[in-house]
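Comments concern the structure below.
The values are calculated or read from the model by the stated rules, or taken from the named source; none is laboratory data. Nothing here was measured: the structure is a model prediction, and the numbers come from that model. Note that we place each Cβ from the backbone using ideal geometry, even for glycine, and neighbour counts take in every protein chain shown. Ligands, DNA and RNA are stripped out before the accessible areas are found, and what is left, the full protein with its side chains, is counted by its heavy atoms. Shrake-Rupley method; radii C 1.70, N 1.55, O 1.52, S 1.80 Å.
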Amino acid sequence: MAVTTNLIEDNKMNERVSTVVNDIVDGVRAALIKNNVSFDEYRAGFMHLIGTAENHEIPLLVDMFFNQTICDIEMKNRKGTRSSVEGPYFMEGAPWVDEKANVCGDNVEPLLVRGVVTDTNNQPIPGVELDLWWANPEGKYSGYTDELPKEYFRCKVKTDDEGKYSVMASMPMEYPITTERHVHTGKLLEMLGRQGMRTKHLHQKYRKDGYCTLTTQAYFEGASYLDADPVEAVVDELVYRLSDENGVAVLQLETQLDAV
Ligand code: DHB
Ligand code: FE
């Protein structure tokens with residue numbers, strides 16, 4: 001059973017919420033006790049969390065630690081392509097495009113994304129709605145400021161009768177979870193002795209009635225930071241080798257959806 005916000009807003013006792021929240025609280029208490037955490041340390045952590053919230057970094061922080069865990073749980077119950085974190089930057093309402101996504105600004109390098117979507121018996125699935133989104137050359141996602149509206153660097157395409165699609169996108173840039181961009185989350189990563197750059201990645205969300213919605217990412221062979229992902233979402237089967245067609249990088253994706 002899913003924990004839904006309307007159940008929480010219902011203000012009634014809810015077994016599922018109670019079970020999960022009590023286990024989380026028990027886990028945190030066990031860590032505090034095991035490490036003899038002092039009141040000053042507790043308060044320092046508390047204030048760091050307040051700062052994270054004031055800087056609007058809670059989605060980033062929570063997804064960084066826990067989104068991939070949810071994906072791994074998902075894969076215990078389904079077959080097909082592995083899911084990988086949605087992260088904090090998916091947005092509904094990206095523009096439907098035909099062949100070419102909207103991009104803007106300097107240093108945009110084309111990336112031709114071609115793919116085929118099949119079921120777990122390798123039969124093509126037509127009419128799948130696919131959202132693609134990726135970081136622009138400055139390492140930013142669109143839709144969060146007026147300067148970069150959501151019509152850019154994200155799009156929707158539909159698979160054809162053979163389960164195929166093709167769209168000219170652009171090369172994603174690494175995404176920095178660093179103190180320059182995200183003071184609190186970046187600082188925490190530094191204190192954990194971890195680096196904050198997410199390797200280049202292309203987000204995908206596949207939706208069609210009758211199939212499990214799949215949210216995943218493609219990573220690029222040979223890219224920087226592949227082995228040190230701060231959100232621990234890179235797995236070999238999602239790392240693709242790019243090819244070159246007339247000087248344009250081509251990413252060929254093969255995706256399998258499981259039936260519901
Ligand atoms: C996270 C995921 C991303 O894909 C990204 O670009 C930034 C952060 C995350 O899970 O926190
Ligand atoms: Fe991302």
**Asked** Full extension from ARG181 to ASP98: what is 0.36 nm times the residue separation minus their Cα-Cα distance, to one decimal in nm?
**Response** 26.6 nm
**Prompt:** How much net charge surrounds LYS164 when only the other residues with a Cβ under 11 Å from the Cβ of LYS164 are counted, with Lys and Arg +1 and Asp and Glu -1?
**Reply:** -2
**Request:** Would you list which lysines come within 18 Å of LYS150, measuring only between C-alpha atoms, while excluding same-chain residues fewer than 8 positions from it?
**Result:** LYS100, LYS140, LYS205
**Message:** Taking every DSSP beta bridge with both residues inside the chain, roughly what % is antiparallel (nearest 5)?
**Reply:** 70 percent
**Request:** Can you tell me the 0 to 90 degree angle between the C-alpha axis of helix 39-54 and the longest principal axis of the chain, rounded to 10?
**Result:** 30 degrees
**Asked** So what's the net charge close to MET91: Lys and Arg +1, Asp and Glu -1, counting the other residues with Cβ under 10 Å from its Cβ?
**Response** 0
**Complete:** Residue by residue through the stretch 220-232, the couplings from Karplus 6.51 cos²θ - 1.76 cosθ + 1.60 with θ = phi - 60°, in Hz, x for Gly and Pro, are 10, 3, x, 6, 5, 6, 4, 8, 9, 6, x, 9, 6
**Request:** At q = 0.09 Å⁻¹, what is the base-10 log of I(q)/I(0) for the chain according to the Debye formula with one equal point scatterer per Cα and no solvent? Please give it to two decimals.
**Result:** -0.47
**Message:** Taking amide H atoms as placed 1.01 Å from N in the peptide plane, list the residues 5 or more away in sequence, or in a different chain, whose amide H sits under 5 Å from that of GLY139.
**Reply:** MET173
**Asked** Could you give me the ³J(HN,Hα) list for the stretch 15-28, computed from phi with Karplus coefficients 6.51, -1.76, 1.60 and θ = phi - 60°, whole Hz, x at Gly and Pro?
**Response** 4, 5, 4, 4, 4, 5, 5, 4, 5, 4, 4, 4, x, 5
**Request:** Per residue of the stretch 160-168, in order, report the coupling 6.51 cos²θ - 1.76 cosθ + 1.60 (Karplus, θ = phi - 60°) as ³J(HN,Hα) in whole Hz, putting x for Gly and Pro.
**Result:** 8, 4, 9, x, 9, 8, 8, 8, 7
**Message:** Check which residues have an amide H placed less than 5 Å from VAL239's amide H, if you skip close sequence neighbours.
**Reply:** TYR219
**Asked** How big is the gap, in Å, between the Cα center of the stretch 95-134 and the Cα center of the stretch 237-260?
**Response** 10 Å
**Request:** Give the distance, in whole Å, between the Cα centre of the stretch 174-224 and the Cα centre of the stretch 43-93.
**Result:** 10 Å
**Prompt:** Going from most exposed to least, what order do ASP229, ASP26, ASP244 have by accessible area with a 1.4 Å probe?
**Reply:** ASP244, ASP26, ASP229
